[in-house]
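Take a look at the structure below.
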Amino acid sequence: MVVLLVVYWFINAALVGNCSTVRLNFLHMALNNLYNKIVKLQMFDAAETVAAIINANGPYIAELLRTQLRRGVDADNQPITLIRNAVEYPFYSDYTVMLKERKGQQTDYVTLHDSGIFYLSIRTIASAQTESFSLLSDVPYFPDILLKVGTHDRVMELSKDNLEILTNNVIKPQFALAFEVAMGQ
């Protein structure tokens, strides 16, 4: 609709008064530029662009999650809980506390950090088709971690604050740059 109004405005501007060659050339150039912009806009795939940005920034996103886990919270900023005997606990068992203290690790709340291999293996995968991204781990015991975590459905997701940081510091600026490049600006 907007495109038609713009075309109508250019045609009227060219036909008012003298139909000089200069005005018709201007109209032709303007319509050509408009057509080229429309074609570029149709070719620009926003979902693919966002997925590429997320995949390219996977290590940064994984670090946001590691920081969140170090604080002992899930995506809802709720304490990470562990399931023992069908009951959720926001703390480690006495045995785990003893083992963690020997390693000099934090024991006041659940962080899911033991040897560090799980933390280092966290990776990001984005999909343009589903317009989503996931944080996963390649460690063979990853499914076991999720099974014993009471907040398993939200523990591998970024909190609202972290999503805001990701959006404002990474996605928006990189998307704007990709859009400018695609439009030829």
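Within the bounds of segment 148-161, is there any residue that is over 30 Å from Y92 (Cα atoms), hydroxyl-bearing (S, T, Y) and in the same structural domain as N77 (by TED's automatic domain parsing)? Outline the logic, then answer.
To start, the set of residues in segment 148-161 that are over 30 Å from Y92 (Cα atoms) comprises none.
No: zero hits.
Just a yes or no: is a residue in segment 123-132 charged (D, E, K, R) and part of a helix (DSSP H, G or I)?
We begin by selecting, within segment 123-132, every residue charged (D, E, K, R); these are 123, 131.
After this cut, where a residue has to be part of a helix (DSSP H, G or I) as well, the list is none.
No: segment 123-132 contains no residue that is charged (D, E, K, R) and part of a helix (DSSP H, G or I).
State whether one or more residues within segment 135-153 are without any contact (Cβ under 8 Å) to a residue 60 or more places away in the chain, of a type outside the set (A, V, I, L, M, F, W, C), assigned to a loop (DSSP other than H, G, I, E, B) and farther than 29 Å from E164 by Cβ.
Scanning segment 135-153, I find at least one residue that is without any contact (Cβ under 8 Å) to a residue 60 or more places away in the chain, of a type outside the set (A, V, I, L, M, F, W, C), assigned to a loop (DSSP other than H, G, I, E, B) and farther than 29 Å from E164 by Cβ, so the answer is yes.
The conditions are (1) on the phi < 0 side of the Ramachandran plot; (2) exposed (fewer than 15 other Cβ atoms within 10 Å of the Cβ); (3) at pLDDT 90 or above, and N77 fails exactly one of them. Which is it?
(1)
As an exercise: evaluate I38 against (1) more than 21 Å from the chain's Cα centre (by Cα); (2) farther than 30 Å from Q185 by Cβ; (3) hydrophobic (A, V, I, L, M, F, W, C); (4) surrounded by fewer than 19 Cβ atoms within 10 Å (Cβ to Cβ) and give the number of the one condition it does not meet.
It is condition (2) that I38 fails.
When segment 109-130 is examined, which residues are found to be farther than 18 Å from A62 by Cα and either surrounded by fewer than 12 Cβ atoms within 10 Å (Cβ to Cβ) or in contact (Cβ under 8 Å) with a residue 40 or more places away in the chain (or both)?
Listed by number, the residues that qualify are A128, Q129, T130.
Just checking, which of D161, D138 is under 24 Å from I53 (Cα atoms), touching a Ser or Thr at 6+ places or on another chain (Cβ under 6 Å), of a type in the set (D, E, K, R) and surrounded by fewer than 15 Cβ atoms within 10 Å (Cβ to Cβ)? Reasoning before the result, please.
On the way: D161 fails: touching a Ser or Thr at 6+ places or on another chain (Cβ under 6 Å).
Unique residue meeting the criteria: D138.
Which of the residues that make up segment 56-77 are over 30 Å from A128 (Cβ atoms) and touching a Ser or Thr at 6+ places or on another chain (Cβ under 6 Å)?
Pass one, segment 56-77, residues over 30 Å from A128 (Cβ atoms): 70-72.
Within segment 56-77, R70, G72 qualify.
The values are calculated or read from the model by the stated rules, or taken from the named source; none is laboratory data. Worth saying up front: this structure is predicted, and the values here are computed from it rather than measured. Glycine also receives a Cβ, built like all others from the backbone with ideal geometry; neighbour counts cover every protein chain displayed.
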